[in-house]
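Encoded as structure tokens, the structure appears first; notes follow it.
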Amino acid sequence: MTQPSRSPITVRLTRYFFVLFPGVFLVLAGAWSAFQMEEHGHVITGMNNQVVWGLPHVFAIFLIVSASGILNVASMGSVFGQPVYKARAPLSGLLAIAMLAAGLSVLMLDLGRPDRVVLAATTYNVTSVFAWNVLLYSGLFATVLMYLWTLLDRTMGKWTKPAGILVFVWRFILTSGTGLIFAFLVARQAYGSALLPPMFIVMSFAWGMSVFLLVQSGVLWWHHLPLEPAILKRMKNLLALFVLAVLYLVAIYHMTNLYFSRQAAFERFILLDGGTATLSFWLGYVLLGTLLPIVLLLTPLSARVCNVLMASFFVLIGAFSFLYTFIVGGQEFPLLVFTGYKVHSSFGDGMIASYTPSLYEWLLGLGGLGVAFVITVIGLGLFNFLPRDVVEKASVSG
Amino acid sequence: MSDKCAQSRRNFLSRGAALTAAVAIAPGILLYDFARARPVGEPASGKVRWGMLIDTTQCESGCDECVQACNRENALGSDTGATAPQWIRKVDLEQEGSGKKLSLPMMCQHCAEPPCVEVCPTGASFKRADGIVLVDKHRCIGCRYCMMACPFEARSFVHEPVLDHSGATPRGKGTVESCTLCVHRVDEGRLPACVEACSKSGHQAILFGDLSDPASEISKRILSVTPTHLRADLNLGTGVSYLGLESS
Amino acid sequence: MFVGMPMKVWRFWWYLMGTSCLVWTMSLQAAVPPLDLDIGLGGHCVDDPQYMRLNHMKLLLKQRDETVRQGIRGGKYSLAKCVDCHASKVNHSVLGTDRNFCQGCHVYASVKIDCFECHSSSPTVHTLRRQAAVESHKE
């Protein structure tokens, strides 16, 4: 009897562990730094009473938003019936699970009391969007696992579409929920905007697609399989569209703020005087993360596969840069409590706060990337998650 | 054995009595505008709404007696570094244009609709029946979402292990904390430490009392003046309000 | 994995496992000396000692929630009271050595205590005056 779910392409075990090792190393480094933070408290990080969410949140939110976005590939296959995407749905499901698990690990280990995280489930506050997200995140795991089951088990094939629709709806709500974490913060100039949930959704599309293109090419390269130029072309056009849509929403967000005179000082800070936050916005997000990928994707340069992959990589650089400006820059600017007064205090009133991420935060964040990597590699080793059309073609010709 | 314990109880009692006496010695200051303590065994009542009226014209720039009293009461230390706790702080203001200078103490505003309570995933941030907003540190997982949500930067995160446990409020690493309105004192019928210290220092800048009781001094005073609530645009129903601050 | 293994071998394996567990547990019993606690002032506990040994954690948690969240003061089962009566006269604490009241028993029973990261393990001015206030109210 043949085993249809097994990949016809095998990889030698030594080589497999050779690939796995850097991921495991990152996970260990992340675990070590989480342990240090638990032991000494957050005083060893760069975070303080003004900038309460730092680099770990940048990594965690990147991972969670991308996890949801990666499922776009699955949705276009199973919900909108596009065969090219359908063939890639298993890989997209695996990556979503890996990145969601990684993002949640980072988020959890950055808590002040990670040992008490179970309280988030046992004592539930219904008005908290954080608490809703606890349900949404665990629900996404369940729905994606169910969806993967319908994909990998041929007898479950008829359930693929309903499961795909469930995943589609669920991740839509989940990304909105992530955006709402910030949208509900009425008191802070940087947040409290209804534009944020849709912005996060479109960002998830762009970031997820970039991660997918990079991982797909890595996996195919590893298995000595070709990357179909025609397929890549379709996906890169979509990516360009997403990147432009994100740019549009980011521009609208800043333009509305610029129009409100009470927000003028904040916008001046983010766009002109914010130091690292400003630099990471203009250089990281606008230039490297948006304009460069657009050029690489929408000009004849995109004919070369490596340029498309470069574009994907830079979209991710843009993602991190944007989140850094959004999360850290948004907190560095002081809250406006006394309108019409110049204020000064020992607690940072009226002053720009400062934040420099420490080694521990970098390691925790990179450890998160390691978790995603390890889960992906293990998943790829155990099941057949390769793009099916490529595999079929290779086995026919080989 | 039982003798020993009875003896120790007597010791406690006599020491306690001495302290109670100290409270009674200066009644004019300490028990000003204040009813009796709530009887033992009774929960905080929703008929009471504790609040403060801060008169910025009585508050002296450079004076930080309230801050020191808070730090002493809760064993917070006097460090003002970026990761150090500050439950109450002095803010110096200068009006743009006129250049008018003001000074005022800033702390948790004990909102009627506290954003910190709404966003807290575990319900650790909560509002007691009598309007005091607290952190139940047994439930706090240290996510800091409340600190993001607070419009007044009133909260601190405990960044380091706490070594000094001599304070009135238990506190520990990895949880969020803020002004408790000296709930332990209020429950005993005493004034919050900052209020007492302000009064002792010769200023009468902080008036504490029951906003729900029309006969209380704070309620009577509020009738005759127009206090400013910080971030009134957010409509949070802050329990703390300010005098002498042109509307913000 | 064990498919095809003779039943005799299988049974012998379980017998071996069972005996070694038993021997191991008994050796632990023998190795640990009986508990010798410094109970501080001691005296009459707020409730029957055996009841307290079994239930102090539940009682403390219940009263803790009522006090913190509802503001009910003066309850019978207070952590500060435990500390006041049972702090060692040597180091004025319920922690410190494996003879101290809380630490000693919790080490013996291998249960982590999560109280004293925040709460004082020695009697403080505040706990004393709070209790005095409660007592004077009752009178």
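One table, with the values for the structure above:
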{"read-out": "Tally, over region A:93-129, of residues that are in contact with a helix residue (DSSP H, G or I) (Cβ under 9 Å, 6 or more places away or on another chain), crowded, with 19+ Cβ neighbours inside 10 Å and not aliphatic (A, V, I, L, M)", "value": "8"}
{"read-out": "Residue check for C:Gly43: within 14 Å of chain B (Cβ to nearest Cβ) and either under 23 Å from C:Asp114 (Cα atoms) or within 16 Å of the chain's Cα centre (by Cα) (or both)", "value": "no"}
{"read-out": "Pairs where the first residue, in region B:72-83, is without any contact (Cβ under 8 Å) to a residue 12 or more places away in the chain and the second is crowded, with 18+ Cβ neighbours inside 10 Å and of a type in the set (Lys, Arg), C-beta under 9 Å, 6+ apart", "value": "B:Thr80/B:Arg89"}
{"read-out": "Filter result for the condition that a residue is within 14 Å of chain B (Cβ to nearest Cβ) and either in contact with a Leu (Cβ under 6 Å, 6 or more places away or on another chain) or open to solvent by 40 Å² or more (accessible area, probe 1.4 Å) (or both), over A:Ala34, A:Ala29", "value": "A:Ala34"}
{"read-out": "Top-ranked residue of region B:163-186 - restricted to ones that are crowded, with 23+ Cβ neighbours inside 10 Å and in contact with a Gly (Cβ under 6 Å, 6 or more places away or on another chain), ranked as farthest from the other protein chains (Cβ to nearest Cβ)", "value": "B:Thr175"}
{"read-out": "Matching residues in region C:106-123 - criterion: being more than 13 Å from chain B (Cβ to nearest Cβ) and either more than 15 Å from the chain's Cα centre (by Cα) or among the aliphatic types (A, V, I, L, M) (or both)", "value": "C:Val107, C:Ala109, C:Val111"}
{"read-out": "A:Val169 facing chain B (nearest Cβ under 10 Å) and either open to solvent by 30 Å² or more (accessible area, probe 1.4 Å) or over 17 Å from the mean Cα position of the chain (by Cα) (or both)", "value": "no"}
{"read-out": "Unique match (being surrounded by fewer than 24 Cβ atoms within 10 Å (Cβ to Cβ) and away from chain B (no Cβ under 14 Å)) among A:Ala67, A:Ala87", "value": "A:Ala87"}
{"read-out": "Some residue of region A:243-251 being in a helix (DSSP H, G or I) and over 20 Å from the mean Cα position of the chain (by Cα)", "value": "yes"}
{"read-out": "Number of the exception - A:Pro90 against (1) under 21 Å from A:Ser176 (Cα atoms); (2) outside any loop (DSSP other than H, G, I, E, B); (3) touching a helix residue (DSSP H, G or I) at 6+ places or on another chain (Cβ under 7 Å)", "value": "(1)"}
{"read-out": "Region B:189-210 residues that are among the polar types (S, T, N, Q), paired with ones that are open to solvent by less than 10 Å² (accessible area, probe 1.4 Å) and modelled with pLDDT of 95 or more (beta carbon under 8 Å, 6 or more apart)", "value": "B:Ser199/B:Leu191; B:Ser199/B:Ile206"}
{"read-out": "Condition check for B:Lys100: more than 10 Å from chain A (Cβ to nearest Cβ), open to solvent by 30 Å² or more (accessible area, probe 1.4 Å) and either basic (Lys, Arg) or within 24 Å of A:Leu119 (Cβ to Cβ) (or both)", "value": "no"}
{"read-out": "Test: residue in region A:130-145 that is under 20 Å from B:Ala149 (Cα atoms), surrounded by 18 or more Cβ atoms within 10 Å (Cβ to Cβ), free of Cβ contacts under 8 Å to residues at least 40 places away in the same chain and more than 12 Å from chain B (Cβ to nearest Cβ)", "value": "no"}
{"read-out": "Residues being assigned to a loop (DSSP other than H, G, I, E, B) and of a type in the set (Phe, Trp, Tyr) - total across region B:103-159", "value": "1"}
{"read-out": "Candidates B:Ala44, B:Ala82 - the one that is farther than 23 Å from B:Ser201 by Cβ, in a loop (DSSP other than H, G, I, E, B), open to solvent by less than 30 Å² (accessible area, probe 1.4 Å) and at pLDDT 60 or above", "value": "B:Ala44"}
{"read-out": "Only one of A:Ile352, A:Ile327, A:Ile375 that is open to solvent by 30 Å² or more (accessible area, probe 1.4 Å), touching a residue at least 24 places away in the same chain (Cβ under 8 Å), touching a helix residue (DSSP H, G or I) at 6+ places or on another chain (Cβ under 8 Å) and within 30 Å of A:Ser105 (Cα to Cα)", "value": "A:Ile375"}
{"read-out": "Hits in region A:330-349 - residues which are touching a helix residue (DSSP H, G or I) at 6+ places or on another chain (Cβ under 9 Å) and either within 16 Å of A:Gln189 (Cβ to Cβ) or more than 7 Å from chain B (Cβ to nearest Cβ) (or both)", "value": "A:Gly330, A:Gln331, A:Glu332, A:Phe333, A:Leu336, A:Thr339"}
{"read-out": "Whichever residue in region B:65-79 is modelled with pLDDT under 95 and open to solvent by 60 Å² or more (accessible area, probe 1.4 Å) and, among such residues, is farthest from the chain's Cα centre (by Cα)", "value": "B:Asp79"}
{"read-out": "Qualifying residue in region C:61-73 (condition: within 15 Å of the chain's Cα centre (by Cα) and within 12 Å of another protein chain (Cβ to nearest Cβ))", "value": "yes"}
{"read-out": "Segments classed as helices (runs of 4 or more DSSP H), wholly inside region C:3-102, with at least 3 members that are open to solvent by 40 Å² or more (accessible area, probe 1.4 Å)", "value": "C:7-31, C:49-65"}
{"read-out": "Qualifying residue in region A:156-166 (condition: under 24 Å from A:Val250 (Cβ atoms) and either open to solvent by less than 10 Å² (accessible area, probe 1.4 Å) or hydroxyl-bearing (Ser, Thr, Tyr) (or both))", "value": "no"}
{"read-out": "Residue in region B:145-158 that is at the interface with chain A (Cβ under 9 Å from one of its Cβ atoms), over 20 Å from the mean Cα position of the chain (by Cα) and not hydrophobic (A, V, I, L, M, F, W, C) present", "value": "yes"}
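Rundown of residues vs (1) open to solvent by 10 Å² or more (accessible area, probe 1.4 Å); (2) at pLDDT 95 or above; (3) not in a helix (DSSP H, G or I), yes/no style:
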site	(1), (2), (3)
A:Ile173	yes, yes, no
A:Phe182	no, yes, no
A:Val186	yes, no, yes
A:Gly192	yes, no, yes
A:Pro197	yes, yes, no
A:Phe200	no, yes, no
A:Met203	no, yes, no
A:Ser210	no, yes, no
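The values are calculated or read from the model by the stated rules, or taken from the named source; none is laboratory data. The structure displayed is predicted, hence computed values, not measured ones. Glycine also receives a Cβ, built like all others from the backbone with ideal geometry; neighbour counts cover every protein chain displayed. When the accessible area is computed, the model is the full protein with side chains, heavy atoms only, and any ligands, DNA or RNA have been set aside. Shrake-Rupley method; radii C 1.70, N 1.55, O 1.52, S 1.80 Å.
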